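Data block below; observations after.
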Amino acid sequence: EFTITIPRLNVVQMNIDFANPYDPAGTLDLLRHVPFGHYLGLPGQGKKVVLFGHSSGYAWDKSPFKVVLRQIDQLQNGDRIYMNFNGKGSAYQVSNRSIVEATQDFTIMEDYGREELALFTCWPPDSIKQRYVIHADPISA
């Protein structure tokens with residue numbers, strides 16, 4: 001069990017599945033079956049946790065999850081994000097937002113040796129030009 005809840009976005013216990021960061025085609029395929037993909041560390045392990053989902057409603061994408069992060073820009077500093085992994089809950093608080101060019105999306109994976117959640121999607125909606133990234137720090141729930 002691996003789920004996420006983002007109250008401001010009306011995301012409630014949506015599934016997260018593991019993805020291979022070196023397999024872009026597999027990552028796209030993954031998002032046809034689950035709303036969120038995951039790279040790197042796990043909640044509560046003191047490492048960077050990276051999650052991603054779609055924000056674009058392309059006609060070719062028949063997934064029911066294709067716009068789960070369409071309003072990611074509505075998240076504000078202080079908003080909370082909750083994850084549950086194998087029965088253990090973790091809470092994060094939004095601390096920052098950034099936009100990076102798609103050609104620089106590898107920077108989202110940079111691990112600075114501390115626990116942080118990076119949640120990202122393509123940006124702006126219906127484009128793959130950039131990535132909108134939410135940065136959140138772990139807190140006590």
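The values are calculated or read from the model by the stated rules, or taken from the named source; none is laboratory data. Keep in mind that this is a model prediction, so the values were computed, not measured. All Cβ positions, even for glycine, are placed from backbone atoms using ideal geometry, and neighbour counts span all protein chains on display. Ligands, DNA and RNA are excluded from the accessible area calculation, which covers all protein heavy atoms including side chains. Shrake-Rupley method; radii C 1.70, N 1.55, O 1.52, S 1.80 Å.
A few points about this structure:
- Long-range neighbours under 6 Å by Cβ, at least six apart or interchain, first residue over 18 Å from VAL12 (Cα atoms) and touching a residue at least 12 places away in the same chain (Cβ under 8 Å) within region 51-69, second surrounded by fewer than 18 Cβ atoms within 10 Å (Cβ to Cβ) and of a type in the set (D, E, K, R): SER56/ASP126
- Scanning region 91-110 for residues that are open to solvent by 80 Å² or more (accessible area, probe 1.4 Å) and more than 27 Å from VAL12 (Cβ to Cβ) gives GLU101, THR103, GLN104, PHE106.
- Scanning region 2-29 for residues that are closer than 19 Å to PHE106 by Cα, out of contact with any helix residue (DSSP H, G or I) (no Cβ under 7 Å at 6 or more places or on another chain), among the aliphatic types (A, V, I, L, M) and surrounded by 13 or more Cβ atoms within 10 Å (Cβ to Cβ) yields a count of 1.
- Cβ pairs under 8 Å, 6+ apart, first in region 36-50 and open to solvent by less than 40 Å² (accessible area, probe 1.4 Å), second among the hydroxyl-bearing types (Ser, Thr, Tyr) and not in a strand (DSSP E or B): GLY37/THR27; LYS48/TYR112
- ASP61, sole failed condition from (1) out of contact with any Ser or Thr (no Cβ under 9 Å at 6 or more places or on another chain); (2) not in a loop (DSSP other than H, G, I, E, B): (2)
- Residue selection: ALA91 fails the criterion of being within 26 Å of PRO24 (Cβ to Cβ) and not charged (D, E, K, R).
- Yes/no for ARG80 being in contact with a helix residue (DSSP H, G or I) (Cβ under 9 Å, 6 or more places away or on another chain), of a type outside the set (Ser, Thr, Tyr), under 12 Å from VAL50 (Cβ atoms) and at pLDDT 95 or above: no
- Across region 111-120, the qualifying residues are those that are more than 14 Å from the chain's Cα centre (by Cα) and not basic (Lys, Arg), and the one among them that is surrounded by the most Cβ atoms within 10 Å (Cβ to Cβ) is GLU115.
- For first residues located in region 121-141 and in contact (Cβ under 8 Å) with a residue 12 or more places away in the chain and open to solvent by less than 50 Å² (accessible area, probe 1.4 Å), partners that are part of a loop (DSSP other than H, G, I, E, B) and of a type in the set (Val, Ile, Thr) and lie 6+ apart or on another chain with Cβ distances below 6 Å form the pairs CYS122/ILE128.
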